[in-house]
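Contents: one structure, followed by commentary.
Just so it is clear, none of the values below were taken in a lab; they were calculated from the coordinates. Source: prediction; values computed, not measured. Cβ placement follows ideal geometry from the backbone for every residue including glycine, while neighbour counts extend to all protein chains displayed.
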Amino acid sequence: MESQKKYPRVYSFEFFPPKTDEGAAKLRATRNELAKLKPRFFSVTFGAGGSTRERTFDTVSEIQHDSDIEAAPHLSCVGSTKDNIREILDLYRKENIRHIVALRGDLPSGMGQPGEFRYANELVAFIRAETGDHFHIEVAAYPEFHPQAANADVDIDNFKRKVEAGADSAITQYFFNADAYFGFVDACEERGIDIPVVPGIMPITNYTQLARFSDMCGAEIPRWIRKRLEACGDDRDAIRAFGADVVTDMCQRLLDAGAPGLHFYTMNQAGPTRQIWERLNLG
Ligand code: FAD
């Protein structure tokens, strides 16, 4: 953890682009509420294969114009051409967006070809080649390793390629085992990877949804947490109360050990993130 301690702490909140006017109004309320916590940036996801291209752009541009919090769009490259990506980067530069989360993404099932980019390191290299130092580039990191990687070592080597291509910092996939994060950053340090690796934090609000998501993205829910959540049954208040305890304790451990901030997967809800924030006394 030593190399992480030197970085200033950065707090950020992630949203997905809403599909309806009602969703957009709800997100506006959520971000107004979370803006009071003065995060460093709000990030907005990009749907698989570019499926939310316009909605991501609209959401980001609204944040950039209507709030004093910096907006950071996610951009995934799989299934795209260089021209597509160049066009999106140009649009963001015109909006004066300076911060981007660069990802490979996943091809939606049935959508055949990977396009002109195979992996996120190629996207990072492309952004640097096209735009120099205009963007602060975040990349994804996987403390419990990416589900398609043969093993943790290979995945860290691949993570290193993204850093060498020009990534400035990383946000992790969510996890519920702080030791997985500590092991990951130590392994990065041994390989000479020296950028801030900010833990991605998923508040627990809905067990069925969380279990489905976690199976897909390779995040492990420790057995003891599964058992406790299963025991809550349909009692949503009990799930939220237990989830807030578990996640707050983990965040406290991460920060005490020197993690360079926290990135919350808000799921467009202010309450669960704010509750953890307040319990951590983040001010
Ligand atoms: P990569 O870093 O390219 O890695 C993908 C896999 O390929 C890994 O197994 C890696 O080990 C392997 N690999 C990488 N480089 C090479 C190489 N050169 N040779 C061989 N193998 C290689 N998804 C979305 O669709 N939209 C989003 O907005 C979004 N936001 C995210 C935000 C965060 C913080 C995180 C952690 C994930 C996010 N995802 C998002 C999910 C992400 O797109 C998936 O996890 C995807 O499967 C991998 O993307 P990546 O950028 O990590 O890929």
Legend entry - Virtual spin-label span in nm between residue 94 and residue 81, 7 Å along Cα→Cβ: 1.9
Legend entry - Vicinal HN-Hα couplings computed from phi for the stretch 56-67 (Karplus, 6.51 cos²θ - 1.76 cosθ + 1.60; Hz; Gly/Pro x): 5, 4, 4, 5, 4, 5, 5, 4, 4, 8, 9, 10
Legend entry - the stretch 9-279, relative contact order [Cα under 8 Å, separation at least 6], %: 20
Legend entry - Cα-based shape type of the chain, given that a ≥ b ≥ c are square roots of the gyration tensor eigenvalues and the cut on a/c is 1.5: rounded
Inset, instruction - Could you point to the residue in 117, 65, 141 farthest towards the positive end of the stretch 55-185's charge dipole, with +1 and -1 charges on the Cβ of Lys/Arg and Asp/Glu respectively? - result: 117
Inset, instruction - Just grab the label-to-label distance for residue 54 and residue 107, each label 7 Å out from Cα along the Cβ direction, in nm (one decimal). - result: 2.5
Legend entry - the stretch 97-146 versus the stretch 245-283: alpha-carbon centroid distance in Å: 26
Legend entry - Helix-only CD estimate at 222 nm, as mean residue ellipticity for the chain, using -39500 (n - 2.57) per DSSP H run (n ≥ 4): -15000 deg cm²/dmol
Inset, instruction - Mind putting a number on the dipole of the chain about its Cα centre? Charges go on the C-beta only, +1 for Lys and Arg and -1 for Asp and Glu, and I need it in Debye to the nearest 20. - result: 340
Inset, instruction - List the residues whose amide H sits under 5 Å from the amide H of residue 104, counting only those 5 or more places along or on another chain, with H placed 1.01 Å from N in the peptide plane. - result: 77, 120
Legend entry - Residue pairs, from the table 6/227; 5/26; 26/94; 19/162, whose Cα atoms sit over 29 Å apart: 6/227; 5/26; 19/162
